1. Going by the structure shown, is Phe104 surrounded by fewer than 23 Cβ atoms within 10 Å (Cβ to Cβ) and more than 19 Å from Gly31 (Cα to Cα)?
2. Going through Val118, Val126 one at a time, which residue ends up being free of Cβ contacts under 8 Å to residues at least 60 places away in the same chain and farther than 24 Å from Leu38 by Cβ?
3. Looking at the stretch 1-39 only, could you name the residues that are outside any loop (DSSP other than H, G, I, E, B) and surrounded by fewer than 11 Cβ atoms within 10 Å (Cβ to Cβ)?
4. Name the residue, out of Trp76, Trp90, that is modelled with pLDDT of 95 or more, open to solvent by 20 Å² or more (accessible area, probe 1.4 Å), part of a helix (DSSP H, G or I) and of a type outside the set (Asp, Glu).
5. Cβ-Cβ under 9 Å, sequence separation 6+ or interchain: first residue in the stretch 1-22 and within 15 Å of Phe128 (Cα to Cα), partner loosely packed, with under 13 Cβ neighbours inside 10 Å. Which pairs?
6. Among the listed residues Leu38, Leu56, identify the single one that is without any contact (Cβ under 8 Å) to a residue 40 or more places away in the chain, of a type in the set (A, V, I, L, M, F, W, C), out of contact with any Phe, Trp or Tyr (no Cβ under 6 Å at 6 or more places or on another chain) and farther than 21 Å from Leu113 by Cβ.
7. Determine whether Asp109 is out of contact with any Cys (no Cβ under 7 Å at 6 or more places or on another chain), without any contact (Cβ under 8 Å) to a residue 60 or more places away in the chain, crowded, with 16+ Cβ neighbours inside 10 Å and acidic (Asp, Glu).
8. Which one is farthest from Trp76 (Cα to Cα) among residues in the stretch 40-58 that are modelled with pLDDT under 75 and open to solvent by less than 60 Å² (accessible area, probe 1.4 Å)?
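The values are calculated or read from the model by the stated rules, or taken from the named source; none is laboratory data. Keep in mind the model is a prediction, meaning the values are calculated, not measured. With ideal geometry, Cβ positions are generated from the backbone for all residues, glycine too; neighbour counts draw on all protein chains shown. Only protein heavy atoms, including side chains, enter the accessible area calculation; ligands, DNA and RNA are left aside. Shrake-Rupley method; radii C 1.70, N 1.55, O 1.52, S 1.80 Å.
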Amino acid sequence: MVPLRRVLVGRPRSRFQWVIDVLVILTILTGTFGAYALGLFQVSGGVIVLPAAATLVGFVVAVGVGARHDGLVVAWLGLFAAYIGFRADWAFLGLSSHSLGGKFTFLFDPVGLAVLGVATLVIGTVGFAVGYLGRSSIERLRGKVVSQQSHE
């Protein structure tokens with residue numbers, strides 16, 4: 001059984017590795033913002049609760065984090081960063097009639113952030129579990145194959 005702390009924060013890492021994780025999360029945020037700003041990711045109108053492209057990017061990141069056994073918190077932060085990148089694009093580039101203060105108010109709206117937070121916990125956990133269990137299963141299969149080959 002894996003301890004809860006290990007699942008949440010992953011295997012022990014150096015400060016350098018934590019800095020790399022933070023840089024990756026910031027890259028996800030700015031990359032998602034840029035992709036929406038440049039029209040690479042599109043929103044097809046209507047009421048937007050969860051942007052599809054940001055959700056997909058964050059889910060893929062969560063799967064990768066799970067596969068590396070880095071920690072659930074890192075998976076959550078990666079997905080939340082993708083959502084914040086979308087909200088930043090919407091706030092600063094989509095709400096042109098609002099003041100700068102109004103744009104920041106929209107970006108940090110507690111209700112919107114709560115919705116994204118709940119989605120992050122659910123979707124990030126599922127993505128992490130897919131990656132974690134997928135890699136663990138592959139490692140177990142490799143171990144069985146190696147042990148069977150050594151017995152032959």
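1. yes
2. Going through Val118, Val126 in turn, the sole match is Val118.
3. Matches in the stretch 1-39: Leu4, Arg5, Arg15, Phe16, Leu23.
4. Only one candidate qualifies: Trp76.
5. Arg6/Pro12
6. Being without any contact (Cβ under 8 Å) to a residue 40 or more places away in the chain, of a type in the set (A, V, I, L, M, F, W, C), out of contact with any Phe, Trp or Tyr (no Cβ under 6 Å at 6 or more places or on another chain) and farther than 21 Å from Leu113 by Cβ holds for just one of Leu38, Leu56, which is Leu38.
7. Criteria not met by Asp109.
8. The selected residue is Gly45.
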